[in-house]
Amino acid sequence: MAPFGSPPTDDAREVFYRVTGTPFNAEPPPVTSARGMESWASEFDFDDEMGGDAVGGRVRGLTLKASRIDAHLDPVSALGYQEWTCVFDNRSDRQREARMQVLLPPGGAVTRLTLWVHGEPEEAAFAATPQVKQAYKSIVFERRDPVLVTDCGPDRVFVQCFPVPPKGEMKIRLGITAPLAGGATLALPQIIERNFADGEPDAAVWAQSDAPLAEAGGMKPLPAPEGGFAQQGGGVASVALRDPVAPAGTAWAEDPFAPDAERIVVGHRAVEARPPARRIAFAVDTSAAMRGKLAAVAEAIAALPDSCEVSAHLATDGGEAESASGKDAAAKLVRAASAKGGRDNAPALAAALQAAGGDPEAAIIWVHGPQGVDLGGMEAASQIIERLPIRAAIYDAQIAPGPDRLLAALAAAARVRPAPVAGAEALEGFAGQVAAGLPDRRWTWERRAAADGLPPEQKTNDQLARYAAFDEIHHAAPDTGGLAERAASYQLVTPYSGAVVLETKAQFAQNQLEQVDPTATPKIPAVPEPGGATLVLAWFTLWALRRRRAA
């Protein structure tokens with residue numbers, strides 16, 4: 001709640017972003033230096049976004065106290081499954097809602113949600129997004145225990161849980177299924193927007209597989225409790241198999257969610273090269289987050305083949321994009337640009353869409369940092385997508401971390417493909433692949449009544465069935481009927497479905513939600529608990545790791 005005489009909250013947040021180029025909630029809330037006023041302000045620190053659809057500003061006293069990830073990498077299906085357990089701590093005297101936007105592994109899906117209620121784990125109900133949102137908001141109003149997870153853009157979910165009690169804690173767990181990038185690497189989830197304090201501890205990570213794992217700094221090899229290979233440690237962004245799974249291959253599993261005639265799901269992996277892009281339009285952010293990165297963007301443009309038609313469209317302080325056509329002119333424009341403040345990416349993206357959208361042999365590469373507020377251009381960009389026959393591939397290359405409202409709005413209107421670039425230095429290689437015909441790892445699916453003739457060594461767990469449904473839903477046209485119901489039946493968070501945990505069975509019934517019963521439904525692949533000797537060794541490894549960091 002803004003103090004008397006202050007500008008409206010949305011206006012203040014826009015000004016903050018335009019001046020700094022940083023989302024407003026990337027900083028802790030201001031505190032007064034007057035004696036005695038800080039505790040008074042904390043007591044009456046209202047949270048305007050409670051129960052809403054935005055992360056909102058930082059609230060005092062709320063932290064992520066503990067974080068743990070248990071991961072299983074499956075070499076048969078080239079899928080990874082991880083369970084991320086979070087414990088929120090509230091040191092204030094008021095009930096708090098913890099909210100965060102989470103970046104999932106590329107192509108990942110939330111397939112499980114758990115909340116500890118009175119010390120006992122309770123599983124979620126999966127249903128259409130409006131239904132789970134309404135259930136969550138109704139329980140928040142009653143100030144009871146719910147947790148909600150919904151889709152908020154490509155590879156992103158919005159997590160909110162309430163109440164974290166005064167001087168108390170709240171514990172949740174997300175289960176995430178994702179393909180192994182390059183057939184080997186499982187990225188760990190990242191918090192890209194939060195309403196609680198920075199400085200959360202490194203996640204304690206356990207990774208396990210039936211195949212050898214790649215060495216990683218911060219991770220120590222350990223004997224797996226049931227054979228195979230394991231690592232434990234912390235301070236890592238990903239875990240990986242030592243030897244990548246072959247790009248082409250077959251895996252199958254029993255599908256407990258399907259009717260008997262489709263009880264066996266068979267997945268075939270293949271790599272298909274997309275057609276070369278004869279025209280590439282770059283939409284380039286010039287906000288402060290891109291400082292030091294624009295030269296690499298210019299080099300990526302300059303390195304493209306002469307046969308490719310290239311244009312660049314820059315975000316500016318005004319309402320129009322600054323554009324240049326031709327490889328040399330586009331590279332020169334980007335190289336001369338300065339990165340400062342926070343700029344609206346929508347006009348630049350709209351210009352790129354107009355330049356390339358109607359050509360099926362064109363591609364749009366949007367290179368940007370975070371944009372945490374709507375600066376007025378989102379509707380114009382959405383209008384172009386809705387009204388023009390956009391046939392170009394749209395690649396999202398966010399090379400500076402943080403929330404992006406424009407990305408979420410764009411993804412609702414068009415299929416945006418995440419660009420696998422970890423930073424500006426990787427843009428040249430990616431753009432070259434787009435121009436030459438980007439390799440596309442794809443699954444094709446078939447369903448059978450029985451497993452006759454399928455090799456037993458290609459059998460895997462039912463996460464393959466969940467991922468098959470997620471992949472089919474992801475590639476379906478938005479107007480396809482029954483997508484929310486199908487996603488809910490496979491326990492998936494998608495643009496059409498979400499997951500919610502309520503406190504009591506009566507609340508589930510009142511909201512016409514069916515809670516997942518872990519004793520009666522297919523269980524997720526278990527990462528076995530270590531035995532006594534292994535647990536001691538794991539504890540000692542993490543203790544030594546923290547000592548080394550503190551030194």
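The values are calculated or read from the model by the stated rules, or taken from the named source; none is laboratory data. Because the structure is a prediction, the values reported are computed rather than measured. FYI the Cβ positions are ideal-geometry reconstructions off the backbone, even for glycines, and counts take in every protein chain you see. Ligands, DNA and RNA are stripped out before the accessible areas are found, and what is left, the full protein with its side chains, is counted by its heavy atoms. Shrake-Rupley method; radii C 1.70, N 1.55, O 1.52, S 1.80 Å.
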(message) Give me the mean projected area, in nm² to one decimal, of the convex hull enclosing the Cα positions of the stretch 75-151.
(response) 7.1
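Can you give the Kirkwood hydrodynamic radius for the stretch 431-500, in Å, rounded to one decimal and based on Cα pairs?
Final number for the Kirkwood radius of the stretch 431-500 is 14.7 Å.
Length gain on complete extension for the stretch T250 to K505, per 0.36 nm per residue less the alpha carbon to alpha carbon distance?
Taking T250 through K505 to full extension adds about 87.7 nm, to one decimal.
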(message) Within the stretch 319-464, what whole-number % of the accessible surface is contributed by carbon and sulfur, with the 1.4 Å probe and all protein chains included in the calculation?
(response) 47
(message) Beyond a 26 Å Cα-Cα separation, which of these cross-linked pairs lie in this structure: K65/K340; K220/K293; K171/K505; K171/K459; K133/K171?
(response) K65/K340; K220/K293; K171/K459
(request) Can you sort D452, D396, D198 by 1.4 Å-probe accessible area, starting with the largest? (result) D452, D198, D396
(message) If every alpha-carbon in the stretch 197-271 counts as one equal scatterer, what log10 I(q)/I(0) does Debye give at q = 0.11, 0.16, 0.19 1/Å?
(response) -0.48, -0.79, -0.88
(message) What figure, in Å² to the nearest 10, do you get for the accessible area of H313 with a 1.4 Å probe and non-protein molecules left out?
(response) 10
(request) Please work out how much length the chain gains when fully extended from R415 to Q458, using 0.36 nm per residue of separation minus the C-alpha to C-alpha distance, in nm with one decimal. (result) 12.3 nm
(request) First compute the accessible area of the stretch 110-253 with a 1.4 Å probe, then give the percent of it belonging to carbon and sulfur atoms. (result) 50
(message) With a 1.4 Å probe and all protein chains left in place, how much accessible area per residue does the stretch 98-235 have, in Å²?
(response) 34
(request) Could you pull the Cα extents of the stretch 344-488 along its three principal axes, largest to smallest, in whole Å? (result) 56, 36, 31
(message) Which residues among the stretch 212-235 fall inside the zone where the amide N is under 15 Å from a point 7 Å beyond the Cα of A66, along Cα→Cβ?
(response) none
(request) Write down the Kirkwood hydrodynamic radius of the stretch 238-308, to one decimal in angstroms, obtained as one divided by the mean of 1/r over all alpha carbon pairs. (result) 17.7
(request) Set the Förster radius R0 to 22 Å, insert the Cβ-Cβ distance between W445 and D479 as r into 1/(1 + (r/R0)^6), and round the FRET efficiency to 0.05. (result) 0.55
(request) For the stretch 286-344, compute Rh as the Kirkwood radius over C-alpha pairs and then the Stokes-Einstein diffusion coefficient at 20 °C and 1.002 mPa s; write the answer in µm²/s, rounded to an integer. (result) 184
(message) Just to verify a number: FRET efficiency for D93 and A128, C-beta to C-beta distance, R0 = 35 Å, to 0.05?
(response) 0.40
(request) Report the percentage of all Cα-Cα pairs in the stretch 256-364 whose separation exceeds 23 Å, rounded to a whole percent. (result) 39
(message) Per residue, how large is the accessible surface of the stretch 267-308? Use a 1.4 angstrom probe and give square angstrom.
(response) 41
